[in-house]
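**Q** Questions regarding the structure given below will be posed in turn.
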Amino acid sequence: MSDADQTESPLEATADAVGRRATDAFALLGDETRLAILLAIWERHDLRADDNAVAFSQIAERVGHDDPGNLRYHLKKLEGQFVRQRDERGGYELRVPAQKLVRAVISGAGVHDERLEPAAIDQRCPFCDARTVMSYREGTLFWACHECDGMTPGRDFASFDPPGPLTAQPFDPAGLREWSPEGLRAASAVVGRRRLRSVFDGVCPTCSSPVERWFDRCPDHDPDGCTDCGLRFGTTAHFRCRTCGHHDGATPKRLALFHPAVVSFYHDHGVSTRVRAGDFESAKHVHDLALDHEVTVVGEDPTRVAVTASRDGESIRLTFDETVRVVDVDR
Ligand SMILES: [Zn+2]
Ligand SMILES: [Zn+2]
Ligand SMILES: [Zn+2]
């Protein structure tokens, strides 16, 4: 091992994974006093107020620090990246990265303990008509079927309880206790659509970077239990962020509901495509609408995927190109 290797800290060694600025930020936060300072300022933070600045004396009192020189040293370290000093007012306020950091900790607190045991909801499985349940573990909210394998008929989820996931959404545990099981179904549909809408419109919902996008197609797909891809549907749109690694996959059936031509097609037929938190029926209804869409691969090289929605003897067809962008609308 060379001298350079010996003096390199573990954070420095991982700098190439996330970039120097990110590891510098992590290093800055590796101190209890600095974290206490962020929370002390956050406590008095009011986004609607013109003046968010918290006086030095207030911070010192809140964190119980009796060495002003040392506290100023830590504040100085946080300045720039996390804290801004408002000279004209003589106080400190949180910059946006610090606000996001504190929010992430608050919304994710207890992420490993929070659980919801399977709770029945009034929505039948779209594939086998059995009863379905909501459950929550490790930061993910599941809507699942007890009887069939849900969206993944070719995968072994036997160790899961219940085994057949129909949807799986990252969901902040802070919101978990605020909803009934059916309320969770609607809230998770809203959260899932918001994330999917964001990547479909080209921006990562986590870090605001551009996303890569492509279709995966299973060449010999068996919808009743495909041992090749393991999924219910053989054509999946993928979205991946190269900056933070965020990934979303979705059937194009769902993406069609984001296109204004499809929204107005349904509107003309008196059908709403809106999902609202607190409105379980809207979540059920829009999920069924998307499942009824027909997906056809209409081009091999380059890939072209068509999605057709039908109502009262009329239909509309969207064509997606290989980058999951709509290139044609036929009504
Ligand atoms: Zn089922
Ligand atoms: Zn990202
Ligand atoms: Zn397959």
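**Q** Given the DSSP H assignment, sum -39500 (n - 2.57) over each helix run of at least 4 residues in the chain and divide by its residue total; what's the result at 222 nm in deg cm²/dmol, nearest 500?
**A** -10000 deg cm²/dmol
**Q** Residue 227 to residue 212: extension gain in nm, 0.36 nm per residue of separation minus the Cα-Cα distance?
**A** My answer for the length gained is 2.7 nm.
**Q** Return a whole-number percent for the relative contact order of segment 131-209, with Cα pairs under 8 Å and 6 or more residues apart as the contact set.
**A** 24 percent
**Q** Related question: Among 252, 210, 165, determine the one that fluctuates most according to a GNM of the chain built with springs between C-alpha atoms less than 10 Å apart.
**A** It is 210.
**Q** Another question, then. Cα axis of helix 68-78 to longest principal axis of the chain: angle in degrees, 0 to 90, nearest 10?
**A** Once rounded, the angle reads 30 degrees.
**Q** How would you classify segment 157-301 from its alpha-carbon gyration tensor, with a ≥ b ≥ c the square roots of the eigenvalues: rounded for a/c under 1.5, else prolate if a/b is greater than b/c, otherwise oblate?
**A** The shape class here is rounded.
**Q** Which lysines, on any chain, are close to residue 284 with Cα under 25 Å apart, when same-chain ones fewer than 8 places away are left out?
**A** 253
**Q** Averaging sequence separations of C-alpha pairs under 8 Å and six or more residues apart, then dividing by the length of segment 31-108, give the relative contact order as a whole percent.
**A** 35 percent
**Q** Same structure again: Can you send over the solvent-accessible area of residue 317, 1.4 Å probe, protein chains only, in Å² to the nearest 10?
**A** Result for residue 317: roughly 90 Å² accessible.
**Q** Next question, about the same structure. What is the helix-to-structure angle for 96-108, meaning the angle in degrees between its Cα long axis and the longest Cα principal axis of the chain, kept from 0 to 90 and rounded to the nearest 10?
**A** Once rounded, one gets 60 degrees.
**Q** Can you tell me the FRET efficiency between residue 105 and residue 12 if r is taken as the Cβ-Cβ distance and R0 is 30 Å, rounded to the nearest 0.05?
**A** Given R0 = 30 Å and the Cβ-Cβ separation, E is 0.75.
**Q** Choose one answer from 14, 152, 132: the residue with the largest mean-square fluctuation in a GNM of the chain with alpha-carbon springs under 10 Å.
**A** Highest fluctuation of the listed residues: 14.
**Q** Same structure, new question: Please give the solvent-accessible surface of residue 238 in Å², to the nearest 10, using a probe radius of 1.4 Å with every protein chain present.
**A** 30 Å²
**Q** Which residue, 321, 51, 288, has the most motion in a Gaussian network model of the chain that connects Cα atoms within less than 10 Å?
**A** Among 321, 51, 288, the largest mean-square fluctuation in the Gaussian network model of the chain belongs to 51.
**Q** Right, next: Run the quick spin-label model on residue 66 and residue 178: label points 7 Å from Cα toward the beta carbon, then report their separation in nm to one decimal.
**A** About 4.1 nm, to one decimal.
**Q** Over the chain, with every protein chain in place, what whole percent of the accessible area is carbon and sulfur at 1.4 Å, could you tell me?
**A** 47 percent
**Q** Putting +1 on Lys and Arg Cβ atoms and -1 on Asp and Glu Cβ atoms, find which of 207, 126, 250 reaches farthest to the positive end of the dipole of segment 115-330.
**A** Selected residue: 207.
**Q** Now a separate question. With both bridge residues required to lie in the chain, what share of the DSSP beta bridges run antiparallel, to the nearest 5%?
**A** Expressed as a percentage, antiparallel bridges in the chain total about 100.
**Q** Now, a different point. Can you work out ³J(HN,Hα) from phi for every residue in segment 18-28, in order, using Karplus 6.51 cos²θ - 1.76 cosθ + 1.60 and θ = phi - 60°, giving whole Hz and x for Gly and Pro?
**A** Once θ is set to phi - 60°, the couplings for segment 18-28 become 10, x, 4, 4, 5, 5, 4, 5, 4, 4, 4 Hz.
**Q** Can you spot the lysines whose alpha carbon is less than 25 Å from residue 76's alpha carbon? Ignore those fewer than 8 places along the same chain.
**A** In chain and number order, the partners are 100.
**Q** Something else now. How many nm is it between the label spots at residue 87 and residue 147, if each spot is 7 Å from the Cα in line with the beta carbon?
**A** Roughly 7.2 nm, to one decimal.
**Q** Around residue 275, which amide H atoms from residues at least 5 apart in sequence, or from another chain, sit under 5 Å from its own amide H, with H modelled in the peptide plane?
**A** Those qualifying (amide H under 5 Å, at least 5 residues apart or on another chain) number zero.
**Q** Would you mind getting the accessible area per residue of the chain, heavy atoms of the protein chains only, 1.4 Å probe, in Å²?
**A** 55 Å²
**Q** Please compute P(r) over all alpha-carbon pairs of the chain, binned at 20 Å starting from zero, and give each bin as a whole-number percent.
**A** Per 20 Å bin, starting at 0, the Cα pair percentages come out as 24, 47, 26, 3.
**Q** Let me ask something else about it. Quick check on segment 31-108: take the gyration tensor over C-alpha atoms, sort the square-rooted eigenvalues as a ≥ b ≥ c, and tell me if it's rounded (a/c under 1.5), prolate or oblate.
**A** It is oblate, given that a/c is not under 1.5 and a/b is not larger than b/c.
**Q** How much of residue 33 can a 1.4 Å solvent probe reach, expressed as accessible area in Å² and rounded to 10?
**A** 30 Å²
**Q** Another one. Taking the chain as the reference, fit the longest principal axis to its C-alpha atoms, fit the long axis of helix 181-200 to the helix C-alpha atoms, and give the angle between the two in degrees, 0 to 90, nearest 10.
**A** 90 degrees
**Q** Using label points projected 7 Å from each Cα along Cα→Cβ, tell me how many nm separate residue 292 and residue 264, to one decimal.
**A** The answer from the label model is 2.1 nm.
**Q** Just need the relative contact order of the chain here, percent rounded to a whole number, with Cα pairs under 8 Å and 6+ apart.
**A** The normalised contact order for the chain reaches 9 percent.
The values are calculated or read from the model by the stated rules, or taken from the named source; none is laboratory data. Being a predicted model, the structure only gives us computed values, none of them experimental. Backbone-built Cβ (ideal geometry, glycine too); neighbour counts: all protein chains shown. Surface accessibility is based on the protein's heavy atoms, side chains included, excluding ligands, DNA and RNA. Shrake-Rupley method; radii C 1.70, N 1.55, O 1.52, S 1.80 Å.
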